[in-house]
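The values are calculated or read from the model by the stated rules, or taken from the named source; none is laboratory data. As the structure is a prediction and not an experimental result, all values here were calculated from the model. Glycine gets a Cβ as well: all are built from the backbone with ideal geometry, and neighbour counts include every protein chain shown. These area figures cover heavy atoms from the full protein model, side chains too; ligands, DNA and RNA do not enter into them. Shrake-Rupley method; radii C 1.70, N 1.55, O 1.52, S 1.80 Å.
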Amino acid sequence: KITPAPVVALPSLPIATSVKIQEEVVEEEPKTIVSVSYPTSLYISEFLPDPEGSDGEGEWIELYNDSQEVADISGFFLDDGEAGSRPFEIPQGTKIGIKSFLVFSRLETKIALNNTADEARLLYPDETIAAKVSYTDVKEGYSAAYEQKEGKLFWTNSPTPGKANILS
């Protein structure tokens, strides 16, 4: 036999006839994360701060790409030390081939390297330093050649713009 459960009277509760929900809409701008990677195999391989004759016509800075890939250096900058010449922006479409050199003359860059002490700098497009070489004790007609294996700068009386350095 089943016994029914007792009936319990509950107090009356108000019944909601409508519910209003407040909704806050927050609009966000779409975010794009861009990862920029610059070539890291570039260095200043040689430069001539005090050529024989006119500095304005004979100075140059040479870059080397020590990579197995072509390096696009569009938008990079060449510069001398802080508060020196105005940085030169490397034109769009400028590339350095695999294991290759690229020379920039003072006539093109308008960068005047001091004959006593200064720096030659390669800057990324955001103007942070990619490569920097400081120098002193310049001899007329000598270029500063970087020896990558030793990580040192040498003065040589055999400048080699666009070619492998000759340390003499």
T160 to T40: extension gain in nm, 0.36 nm per residue of separation minus the Cα-Cα distance?
40.9 nm
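Once R0 is set to 35 Å, what does the formula 1/(1 + (r/R0)^6) return for the Cβ-Cβ distance between K139 and D66, expressed as a FRET efficiency to the nearest 0.05?
0.85
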When Lys and Arg each count +1 and Asp and Glu each count -1, what net charge do the other residues less than 9 Å away from L102, Cβ to Cβ, add up to?
0
Can you sort F47, F154, F77 by solvent-accessible area, 1.4 Å probe, largest first?
F154, F77, F47
Evaluate the distance, in nm, between pseudo-label points positioned 7 Å from the Cα of K132 and of A112 along their respective Cα→Cβ axes.
2.3 nm
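May I ask you to derive the FRET efficiency for A83 and S105 from their Cβ-Cβ distance with R0 = 22 Å, giving the value to the nearest 0.05? Intermediate values should be presented prior to the final figure.
Details: r = 22 Å, r/R0 = 1.02.
With R0 = 22 Å, the Cβ-Cβ based efficiency is 0.45.
Which order do E108, E59 take by accessible area at a 1.4 Å probe, largest first? It would help to have the intermediate numbers written out before the result.
Working: E108 85, E59 5 Å².
The ranking, largest first, comes out as E108, E59.
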